[in-house]
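Asks: Let me begin by handing over the structure; questions about it come next.
No value in this document is a laboratory result; all are computed from the given coordinates. This is a predicted model, so every value here is computed, not measured. Don't worry about glycine lacking a Cβ; one is built from the backbone with ideal geometry, like all the others, and counts go over all protein chains shown.
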Amino acid sequence: MTDASCSATAARFADVDAVVIGRNEGARLVACLQSLSGQVNRIIYVDSGSTDGSLQAAEALGAEIVSLDMSLPFTAARARNAGLERLNAGHAGALVQFLDGDCSLVSDWLPAAVAFLADRPDVAVVCGRRREDAPDVSIYNHLCDLEWDTPVGEATACGGDALMRRSAVGQVGGYRDSLIAGEEPEMCLRLRRAGWKIWRIDAEMTRHDARMTRFGQWWNRSRRAGHAFAEGAYLHGAPPERHWVAETRRALVWGALLPVVMLTLLAIAPPAAGLVALAYPAQFLRLSLRDGPKRAWFSILGKFAEALGVCEFHLNRIRGRHRGLIEYK
């Protein structure tokens, strides 16, 4: 990069604000806010009922505080929209870096991301490589780290950490408040409909601290993914996007339909039930060749949790109820 382009990037860099969301993140929030210090103009911290001193710590680090009204249903989408609302109420830059309170920004990320958006006016959202902070602590952390390793290039969606054009986010009405998960892909879909592009660049972006050490945490996270798949498909499952239709179908086939068929056949034709059951070892072998045996095992097991999440969404929809968060921490 030339001296002139470096100066131009530095000038644009001052036009970046940040929205951080969190609850009871403790030292992780402190590390998150410190990683933003000196890199952005304003930091908006949106808190959802912390009792661990997070508000005081964030204020001491220079963040502007937004405390959500916890008498209303909480979602991460609602928290991010509240952060945007605070930004829009004062002087706000053209770009906003969204960050979860359990993540820290890599120091080289913003210069690379800002420069990319400057060169690509058609791109609304740019994201990079999110890495799990301690992938070797548990198989569940390791699976998270693999999940974050998305393909470089034009993408359909981003995760919770991303640099966005504030005007583009405003153009599509921000995040959908009601979604308990999957809010970023849903908003990215609306951005793409509006003519914008989403891009994953080959750059380190954030370090994430999942602290997922128990099977129950992983199960609930997979269950939440199934709920997000079902709701996304319900909202945007029609062509051409067919948003999360395939993911919902896979969850139902492997996690619900095949078990029901096997149990039914077990009562009337046990040999046929055994033949159907062979689908699972066959799938395990297929996935093992591609992803390795550990990942294949959890991919199959996760379909049962995802199917549960899919069924929960539709049962609540039929009953006219809205499910609260499926938490795993």
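Asks: Say each of L301 and I268 gets a label point 7 Å from the Cα, pointing the same way as Cα to Cβ; how far apart are those two points in nm?
Replies: Label at L301, label at I268, 3.3 nm between them.
Asks: Which value, in debye to the nearest 20, describes the size of the charge dipole of the stretch 163-230 about its Cα centre when Lys and Arg Cβ atoms bear +1, Asp and Glu Cβ atoms bear -1, and nothing else is charged?
Replies: Details: 14 positive and 7 negative charges, 19 e Å.
Taking the Cα centre of the stretch 163-230 as origin, the dipole is about 100 debye.
Asks: Moving to a separate point now. Name the residue, out of S37, S288, S67, whose mean-square fluctuation peaks in a Gaussian network model built on the chain with Cα pairs under 10 Å.
Replies: S288
Asks: So, one more: Would you work out the charge dipole size for the stretch 233-319 about its Cα centre, treating the Cβ of every Lys and Arg as +1 and the Cβ of every Asp and Glu as -1, and quote it to the nearest 20 debye? Don't skip to the end; give the middle numbers.
Replies: Details: 10 positive and 5 negative charges, 22 e Å.
In debye, rounded to 20, the stretch 233-319 gives about 100.
Asks: Sort Y280, Y45 so that the residue with the fewest other Cβ atoms within 10 Å of its own Cβ comes first and the one with the most comes last.
Replies: On the way: Y280 15, Y45 31.
Lowest count first: Y280, Y45.
Asks: With 19 Å as the cut-off, how large is the P(r) tail for the stretch 138-249, expressed as percent of Cα-Cα pairs?
Replies: Numbers: 3244 of 6216 pairs.
Beyond 19 Å sits 52 percent of the P(r) for the stretch 138-249.
Asks: Going by how many other beta carbons lie within 10 Å of each one, how would you line up L275, L61, fewest first? Don't skip to the end; give the middle numbers.
Replies: Numbers: L275 12, L61 16.
In order of increasing Cβ crowding within 10 Å: L275, L61.
Asks: Oh, and also: Using a Gaussian network model on the chain with a 10 Å cutoff between Cα atoms, which of A115, A273, A210 fluctuates the most?
Replies: A273
Asks: Rounded to the nearest 20 Debye, what is the dipole magnitude of the stretch 3-213 about its Cα centre when Lys and Arg each give +1 and Asp and Glu each give -1 at the C-beta? Mind dumping the intermediate values first?
Replies: Working: 21 positive and 30 negative charges, 133 e Å.
Charge dipole, the stretch 3-213, about its Cα centre: 640 debye, nearest 20.
Asks: If I stretch the segment between R319 and L278 completely, what's the gain in nm (0.36 nm per residue apart, minus their alpha carbon distance), one decimal?
Replies: 11.1 nm
Asks: I'd like to know which of A203, H236, W219 lies farthest towards the positive end of the charge dipole of the stretch 194-256, counting +1 on Cβ of Lys and Arg and -1 on Cβ of Asp and Glu.
Replies: Comparing the listed Cα positions along the dipole, W219 ranks first.
Asks: Checking the cross-link filter: which lysines have an alpha carbon closer than 19 Å to that of K294, excluding same-chain neighbours under 8 positions apart?
Replies: Cross-link targets: K303.
Asks: Length gain on complete extension for the stretch S288 to H91, per 0.36 nm per residue less the alpha carbon to alpha carbon distance?
Replies: Details: separation 197, 0.36 × 197 = 70.92 nm, distance 5.20 nm.
My answer for the length gained is 65.7 nm.
Asks: Right, next: Mind jotting down the three principal axis lengths of the chain based on Cα atoms? Whole angstrom, largest first.
Replies: Here the Cα extents, ordered largest to smallest, are 73, 47, 41 Å.
Asks: Fewest first, what order do M262, M164, M212 take by the number of other Cβ atoms within 10 Å?
Replies: On the way: M262 18, M164 28, M212 23.
Arranged by neighbour count, lowest to highest, M262, M164, M212 become M262, M212, M164.
Asks: Taking the chain as the reference, fit the longest principal axis to its C-alpha atoms, fit the long axis of helix 139-148 to the helix C-alpha atoms, and give the angle between the two in degrees, 0 to 90, nearest 10.
Replies: On a 0 to 90 degree scale, this one is about 60.
Asks: Can I ask one more? According to a simple spin-label model (label point 7 Å from Cα along Cα-to-Cβ), what is the distance in nm between T51 and R214?
Replies: 1.7 nm
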